[in-house]
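The values are calculated or read from the model by the stated rules, or taken from the named source; none is laboratory data. Note that the structure is predicted; figures quoted are calculated from it, not measured. Reconstructed Cβ throughout: ideal geometry from the backbone, glycine too, with neighbour counts over all protein chains shown. Surface accessibility is based on the protein's heavy atoms, side chains included, excluding ligands, DNA and RNA. Shrake-Rupley method; radii C 1.70, N 1.55, O 1.52, S 1.80 Å.
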Amino acid sequence: MTRNVNLLDKLRSSLTPVENHLVDSYVDGRVSRRDLLRHGSLLGLSLPFLGRVALAAGFSAAPSVARANVQPGATIRVACAAPTGAIDPVLAGDYGPILMFQQVGEFLCVDGPDLMLKPGLATSWKPNQDGTVWTFTLRKGVKFHAGGEMIADDVVATMDRLADPKNSSNALSVFKGILQKGATRKVDDYTVEFHLDGANGNFPYLVSSDNYNAIILPANYAGDFETTWDGTGPFKIDKFTRNVGASFVRNEDYWGPKALPAKTEFTFYQDIQPQILALQAGQADIINKLPAFAGVALLNDPNFEIISIPSTANQGVHMHCHMGPFKDARIRQAVALSLDREKLVNGLMKGKAAIGNDSPFASIYPSTDPSIPQRKQDIQKAKELMKAAGVEKGFRATLTAPHTQEIPAFAQLIQSWVKEIGIDLKLNIMDRGSYFGDAVPGKSPWLDAEMGIADWGHRGVPNVLLKSLLTSSGAWNAAKFQNEDYDRLVQSYIASSDLEAQRENAGKIQRLLLQETPMLFSYFFDHLTATKKGVVGAQPTAMGQLFLHGAGIV
């Protein structure tokens with residue numbers, strides 16, 4: 001296609017320097033169309049506008065997404081994990097409650113399978129010049145199920161509730177050091193400003209569906225969600241029975257297109273195998289979250305469809321950096337070099353994963369530096385590192401891990417691979433609750449283990465994992481990794497609004513983590529959702545949410 005210089009100049013005339021730099025990078029071929037759309041949406045540029053930029057630059061526009069062509073009125077049945085605790089958007093942190101409150105609640109913006117932000121209860125957002133203040137414009141005419149319009153007061157109260165340490169909010173892992181109570185400010189009924197502790201180029205993701213706790217609740221919310229189920233979404237609560245299930249009905253007063261299903265039904269299960277049997281027996285239409293390791297029977301069964309979404313979810317392996325056998329970085333590198341990552345992806349995960357390179361920067365992140373060499377299995381090099389570290393004859397150690405998903409099998413593979421370089425690794429597999437304990441040092445086998453595995457969910461940007469897992473003050477720093485250069489690079493990465501600057505900082509972080517190797521990020525597994533043939537329009541996310549407003553059965 002031919003470049004339309006006049007139109008491109010006209011479109012660019014209203015852009016900020018950061019936005020224009022993104023367009024320059026796209027026109028010059030330094031970033032892809034996917035990166036233009038994804039990072040442009042982060043900066044608050046609309047997808048139609050970005051499509052016009054792509055056309056003016058001489059490239060094709062982004063394809064549109066059609067709604068499922070089905071008749072309304074179906075009942076969609078979902079098999080899912082039972083909530084392990086109260087369904088409270090402030091406190092919850094596991095897949096069961098997240099799935100439930102997302103059925104009735106909505107976010108300011110939505111992080112899609114392509115990592116692209118789309119408007120939700122906010123129609124637009126913009127940063128100030130240095131990225132320390134983000135201004136969100138709210139959608140008008142949105143009503144809560146219990147009545148009353150959603151306005152700025154509700155957004156301010158929601159974010160203050162999540163950012164207040166006194167509430168023990170699960171979202172503190174996202175907001176700590178970024179957004180404090182009182183820093184979300186009402187400009188008028190339909191405009192909110194977020195005044196951040198420092199510059200943050202990825203901030204909209206932190207108040208999107210990527211932060212699953214951030215559904216907008218009424219300003220007067222009193223912690224009684226299981227009684228009120230009050231949100232703004234396309235479905236309203238019909239019935240909820242703890243440990244059994246829940247059902248929802250179409251919200252006829254919804255601000256957007258009405259949901260296609262008349263009803264959705266969720267049945268709770270304690271394990272994945274009964275969910276698989278329910279789908280096979282025709283008792284369920286969808287399994288929301290299907291682990292590849294446990295769901296082999298469905299992956300190639302022509303009676304079912306598998307929706308596979310690339311994600312950044314991973315089973316991170318930490319090694320204690322300041323005491324015990326792993327305090328020498330050469331030993332940690334040797335362990336990393338003993339792993340066969342291709343076998344992990346193709347064998348353990350049945351091809352439903354991407355190889356990791358021992359940093360939170362998964363290949364699907366636009367800011368990941370693709371020029372960093374991929375670490376591969378090299379037993380000879382690993383043995384040389386062991387010899388250089390003075391442990392040529394090997395040593396004994398213990399790997400402690402939770403009994404969840406494919407982690408026990410993953411631990412056994414690690415055990416067999418490190419044996420080749422002289423490490424006698426004992427496995428201590430615990431139930432998940434006991435393993436994580438109180439999640440504080442001294443009361444958590446996870447945080448106290450010399451070597452351990454923890455399951456980390458998907459994030460649309462790597463900020464939370466970069467900070468919480470590996471910075472010196474990180475709340476989840478089980479590796480006890482302390483590195484001032486790393487801390488400084490993470491701060492620079494987080495502060496940058498420019499994609500190329502982010503990528504430059506990311507490359508430095510990736511190289512540093514390959515050298516230090518406090519953690520192993522061996523693979524990033526896909527989020528899999530299984531449906532029976534004929535179910536269309538269901539939209540799962542890698543966060544574990546399931547949007548059913550456009551679903552139907554053909």
Problem set entry | Listed peptides 482-491, 169-178, 337-346 by packing density, highest first (mean Cβ within 10 Å) | 169-178, 337-346, 482-491
For this session: Could you do me a favour and compute the accessible area per residue for the range 330-415, 1.4 Å probe, result in Å²?
Result: 43
Exercise. At a 1.4 Å probe, what is the % contribution of carbon and sulfur to the accessible area of the chain?
Worked result: 51
Problem set entry | Among the listed pairs Lys126/Lys350; Lys126/Lys532; Lys289/Lys467; Lys118/Lys289; Lys140/Lys236, those beyond 30 Å (Cα-Cα) | Lys126/Lys350; Lys126/Lys532
Problem set entry | Fully extended contour minus Cα-Cα distance, from Asp424 to Gln273, at 0.36 nm per residue | 51.0 nm
Seminar exercise, completed: Rounded to the nearest 5, the percent of antiparallel DSSP beta bridges in the chain equals 75
For this session: Return, for the Cα atoms of the range 404-452, the radius of gyration and Dmax in Å, separated by a comma.
Result: 12.1, 35
Seminar exercise, completed: Treating only Lys and Arg (+1) and Asp and Glu (-1) as charged, each at its beta carbon, one finds that the chain has a dipole about its Cα centre, in Debye to the nearest 20, of 860
For this session: Would you tally the net charge around Asp378, using a Cβ to Cβ cut-off of less than 15 Å, leaving Asp378 out, and scoring K and R as +1, D and E as -1?
Result: +4
Seminar exercise, completed: Once Arg30 and Thr84 are pulled to full extension, the length gained, defined as 0.36 nm per residue separation minus their Cα-Cα distance, is 14.9 nm
Exercise. So what are the ³J(HN,Hα) numbers for the range 455-461, from phi and the Karplus equation (6.51, -1.76, 1.60; θ = phi - 60°), rounded to whole Hz, Gly and Pro as x?
Worked result: 8, 10, x, 5, 9, x, 9
For this session: Provide the FRET efficiency to the nearest 0.05 for the Asn243-Ser13 pair, computing r from the beta carbons and using R0 = 51 Å.
Result: 0.30
For this session: Work out the count of Lys pairs in the range 369-451 where the Cα-Cα distance is under 16 Å, with the pair 8 or more places apart or on different chains.
Result: 6
Exercise. Ranked highest first by the average count of other Cβ atoms within 10 Å around their residues, in what order do 147-153, 373-379 fall?
Worked result: 147-153, 373-379
Exercise. If all Cα-Cα distances of the range 463-554 are sorted into 10 Å bins from 0 onward, what percent lands in each bin, rounded to whole numbers?
Worked result: 14, 33, 22, 17, 13, 1
For this session: Would you grab the residues whose amide H sits under 5 Å from the one on Glu106? Only those 5+ places off in sequence or on another chain, please, with H modelled 1.01 Å from N.
Result: Ile216, Thr232, Gly233
Exercise. Per Stokes-Einstein, at 20 °C and 1.002 mPa s, what whole-number D in µm² s⁻¹ belongs to the range 352-489, with the Kirkwood radius over Cα pairs as the hydrodynamic radius?
Worked result: 127
Exercise. log₁₀ I(q)/I(0) of the chain at q = 0.06, 0.10 Å⁻¹, via Debye over equal Cα point scatterers, no solvent, to two decimals?
Worked result: -0.30, -0.87
Problem set entry | Approximate spin-label separation Asp197-Thr75, in nm, with each point projected 7 Å along Cα-to-Cβ | 4.9
Problem set entry | Å² per residue, accessible surface of the range 456-551 at 1.4 Å | 29
For this session: Just subtract the alpha-carbon distance of Lys381 and Ser46 from 0.36 nm times their residue separation and send over the number in nm, one decimal.
Result: 115.7 nm
